[in-house]
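Right, one structure below, let's go through it.
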Amino acid sequence: MNLKISPSSLKTAMMVFIQFLCIGILAATGKVIPENIFLLILLISSFLLALWAMLIMKFHFNAAPEVLDGAELNTRGPYRLIRHPMYTSLLGLGSAWIINDFTFFRLFILLILIANLIIKISYEEKFLKEKFPDYSEYSKKTKRLIPFIY
């Protein structure tokens, strides 16, 4: 994983910071392993989705929304159904955690994470459209986070 963040981009740094902070708060304020079998399946599925996406990207991914040099447009594996499977996996993980050990504070943190990811996706997709001429066509056929829905 490449955590290289452009020092000139405060916006990028803030989005990445908020993302990791929200996940950290959710992990620190509740049970990490769900007691409910369905939530455990959601949690494991989220990890597997992230792993699948990383394998397809050959572990060349970046926490920052800017596209790395040498990056390729991936449209196979989970990218056939969703454009941002890593973010989908974070939402699955966070959802499993807060449903298993619910508090309004944790729900608030998850909502901040969701808002941050939506903003980050919009920002990231500008870079993807600039770097990859086929991205606009790909984005017309593939949903952002939830297959067939959004």
Exercise for review: Sort through Leu91, Leu128 and tell me the only one that's of a type in the set (A, V, I, L, M) and either touching a Phe, Trp or Tyr at 6+ places or on another chain (Cβ under 7 Å) or without any contact (Cβ under 8 Å) to a residue 12 or more places away in the chain (or both).
Suggested key: Leu128
Check your understanding: Residues in segment 34-52: is at least one more than 26 Å from Asp101 (Cβ to Cβ) and either exposed (fewer than 13 other Cβ atoms within 10 Å of the Cβ) or modelled with pLDDT of 95 or more (or both)?
Key -> yes
Exercise for review: Using the structure shown, decide if Leu128 is aliphatic (A, V, I, L, M), at pLDDT 95 or above, over 13 Å from the mean Cα position of the chain (by Cα) and not in a loop (DSSP other than H, G, I, E, B).
Suggested key: yes
Exercise for review: Could you figure out which of (1) surrounded by 14 or more Cβ atoms within 10 Å (Cβ to Cβ); (2) under 27 Å from Lys129 (Cβ atoms); (3) more than 14 Å from the chain's Cα centre (by Cα) isn't true of Leu55?
Suggested key: (1)
Point to revise | Looking only at segment 58-79, and only at residues there that are of a type in the set (S, T, N, Q) and farther than 21 Å from Asn116 by Cα, the one that is surrounded by the fewest Cβ atoms within 10 Å (Cβ to Cβ) | key: Thr75
**Study point:** Options Ile118, Ile146, Ile112: the member that is surrounded by fewer than 16 Cβ atoms within 10 Å (Cβ to Cβ), outside any helix (DSSP H, G or I), out of contact with any Pro (no Cβ under 9 Å at 6 or more places or on another chain) and of a type in the set (A, V, I, L, M)
**Key:** Ile146
Review point. In this structure, does Leu68 turn out to be in contact (Cβ under 8 Å) with a residue 60 or more places away in the chain, under 23 Å from Phe127 (Cβ atoms), out of contact with any helix residue (DSSP H, G or I) (no Cβ under 6 Å at 6 or more places or on another chain) and outside any helix (DSSP H, G or I)?
Key: yes
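The values are calculated or read from the model by the stated rules, or taken from the named source; none is laboratory data. Keep in mind that this is a model prediction, so the values were computed, not measured. Note: ideal-geometry Cβ built from the backbone for every residue, glycine included; neighbour counts use all protein chains shown.
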